[in-house]
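The values are calculated or read from the model by the stated rules, or taken from the named source; none is laboratory data. Just so we're clear, the structure is a prediction, and the values are computed from it rather than from any experiment. Heads up, the Cβs are rebuilt from the backbone with ideal geometry, glycines too, and the neighbour counts pull from every protein chain shown. Each accessible area value is taken on the protein alone, full model and side chains, heavy atoms only, with ligands, DNA and RNA left out. Shrake-Rupley method; radii C 1.70, N 1.55, O 1.52, S 1.80 Å.
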Amino acid sequence: MAAPSTNTPVRAENYRFLQRHIHTEIGIVLEDDKHYLIETRLAPVLHRFGLATIDDLCAQLKRSPPVELARQVLEAMTTNETYFFRDPAQYEAIRSDLLPGLIKEHQHSKKLRFWSAAASTGQEAYSLAMLLIQAGLGDWDIQILGTDFSSQILERARAGRYLQIEVNRGLPAALLVKHFRRSGSDWQLGDEILRMVTFHTIDLRKPVAHLGPFDAVFCRNVMIYFDSETKNTILRELHGTLFRGGWLLLGGAESAFGLEAMFHRQSVGKATVYIAR
């Protein structure tokens, strides 16, 4: 087996090939100065497939590569940064403003639906589930969908098992004690929360309106990786998944600018939300 190495600089034509390939396949825009990112992300793929350099990897991709190799290259280039109760102002806005209205509106059906569109390892979806339990909705029919491009990362999400460092990031101690149990050196999420969330792979650039309607959609820190045309396409599709009056929650560096006919921007406490018209 060849000894993998990322010390050999990728040739300029192969870097351009990877830029085009990644943009075509998953829509992510890779800037001209991201050599280090490519080398870091793809090093494990080189190791698993016994490839010596990224140039060797590019040669494989240019020839009908094994399906698993092609998949792992793309999944390696997605960003999976997340943690419990990230952007706490948004969760507070849901608790204080969105939920009281939804509870009143759905008091007879007792059914609510939410979507974590870039779920990664699941902390976002599970944070919402814990919030809903805290709000006294444990006997309601709560459906939370978590989706991501990476099937590997969703396997971790489904397991609901987290490292100590992961539960240390954003998770209040009281919720750790209530909803998790020790499993070796890790923490295992309890069945009550696990049952509230289902996970599926999805490409957000594809039509998604059939997934809805949802009362709220999280799509945070995703659009920053796409070009303007792709962002607008995704936002239009997300609008089609929301009930009228449903909330879209974006990352702090993202907005629905230019789609004011679809979304009303509103400040709720310290959070900014986009309400579907």
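From the set of residues in segment 260-277 that are in a loop (DSSP other than H, G, I, E, B) and touching an Asp or Glu at 6+ places or on another chain (Cβ under 8 Å), which is surrounded by the fewest Cβ atoms within 10 Å (Cβ to Cβ)?
Here is the first cut: in segment 260-277, the ones in a loop (DSSP other than H, G, I, E, B) are 260-262, 269-270, 277.
Still in the running and touching an Asp or Glu at 6+ places or on another chain (Cβ under 8 Å): 269-270.
On the way: G269: 13, K270: 11.
In this case the residue turns out to be K270.
Report whether or not L30 is under 23 Å from D148 (Cα atoms) and assigned to a helix (DSSP H, G or I). Break it down into steps so the answer makes sense when it comes.
Working: under 23 Å from D148 (Cα atoms): yes; assigned to a helix (DSSP H, G or I): no.
No.
Confirm whether Q90 is surrounded by 15 or more Cβ atoms within 10 Å (Cβ to Cβ), within 27 Å of the chain's Cα centre (by Cα) and not hydrophobic (A, V, I, L, M, F, W, C). Working first, answer last.
Working: surrounded by 15 or more Cβ atoms within 10 Å (Cβ to Cβ): yes; within 27 Å of the chain's Cα centre (by Cα): yes; not hydrophobic (A, V, I, L, M, F, W, C): yes.
Answer is yes for this residue.
Please work out which residue is least open to solvent (accessible area, probe 1.4 Å), limiting yourself to segment 203-231 and to residues that are basic (K, R) and without any contact (Cβ under 8 Å) to a residue 40 or more places away in the chain.
Filtering segment 203-231 down to residues basic (K, R) leaves 205-206, 220, 231.
Now narrow it down to the ones that are without any contact (Cβ under 8 Å) to a residue 40 or more places away in the chain: 206, 231.
On the way: K206: 114, K231: 66 Å².
Checked segment 203-231; the qualifying residue least open to solvent (accessible area, probe 1.4 Å) is K231.
Kindly list, by first and then second residue, each pair from a residue in segment 187-200 that is farther than 23 Å from F149 by Cα to a residue that is exposed (fewer than 13 other Cβ atoms within 10 Å of the Cβ) and of a type outside the set (A, V, I, L, M), limited to pairs with Cβ atoms under 8 Å and residues at least 6 apart or on different chains.
Final answer for the pair search is W187/Q164; W187/R181; Q188/R181; Q188/R182; G190/R181; E192/G138.
So which helices (runs of 4 or more DSSP H) stay within segment 71-141 end to end and still have 3 or more residues that are within 19 Å of E166 (Cβ to Cβ)?
Working: elements: 88-93, 99-105, 123-134.
Fully inside segment 71-141 and qualifying: 123-134.
Hey, any hits in segment 147-158 for a residue that's over 27 Å from T78 (Cβ atoms), of a type outside the set (A, V, I, L, M, F, W, C) and free of Cβ contacts under 8 Å to residues at least 12 places away in the same chain?
No, segment 147-158 has no match at all.
Go through (1) more than 20 Å from Q72 (Cα to Cα); (2) touching a residue at least 24 places away in the same chain (Cβ under 8 Å); (3) open to solvent by 20 Å² or more (accessible area, probe 1.4 Å) for A173 and report which single condition fails.
Of everything listed in (1) more than 20 Å from Q72 (Cα to Cα); (2) touching a residue at least 24 places away in the same chain (Cβ under 8 Å); (3) open to solvent by 20 Å² or more (accessible area, probe 1.4 Å), A173 misses just condition (2).
Quick check on this structure: which one of L145, L99, L154 is of a type in the set (A, V, I, L, M, F, W, C) and more than 12 Å from the chain's Cα centre (by Cα)?
L99
Can you work out which of the residues in segment 40-70 that are open to solvent by 40 Å² or more (accessible area, probe 1.4 Å) and of a type in the set (D, E) is farthest from Q19 (Cα to Cα)?
Step by step, filter segment 40-70, then rank; the result is E68.
Name the residue, out of W187, W247, that is open to solvent by 20 Å² or more (accessible area, probe 1.4 Å) and closer than 26 Å to P88 by Cβ.
Numbers: W247 fails: open to solvent by 20 Å² or more (accessible area, probe 1.4 Å).
The match here is W187.
State which residue is least open to solvent (accessible area, probe 1.4 Å) when the search covers only segment 142-161 and only residues that are part of a loop (DSSP other than H, G, I, E, B) and on the phi < 0 side of the Ramachandran plot.
S150
Could you tell me which of the residues F226, F243, F218 is under 18 Å from A157 (Cβ atoms) and hydrophobic (A, V, I, L, M, F, W, C)?
F218
Residues of segment 108-130 being of a type in the set (A, V, I, L, M), within 17 Å of T78 (Cα to Cα) and open to solvent by less than 10 Å² (accessible area, probe 1.4 Å), which ones?
Residues of segment 108-130 that are of a type in the set (A, V, I, L, M), as a first pass: 112, 117-119, 125, 128-130.
Narrowing the set further to residues that are within 17 Å of T78 (Cα to Cα) leaves 117-119.
Result: A117, A119.
Need the failing condition index for R181 against (1) more than 23 Å from L30 (Cα to Cα); (2) in contact (Cβ under 8 Å) with a residue 60 or more places away in the chain; (3) not aliphatic (A, V, I, L, M), just the number.
Every condition holds for R181 apart from (2).
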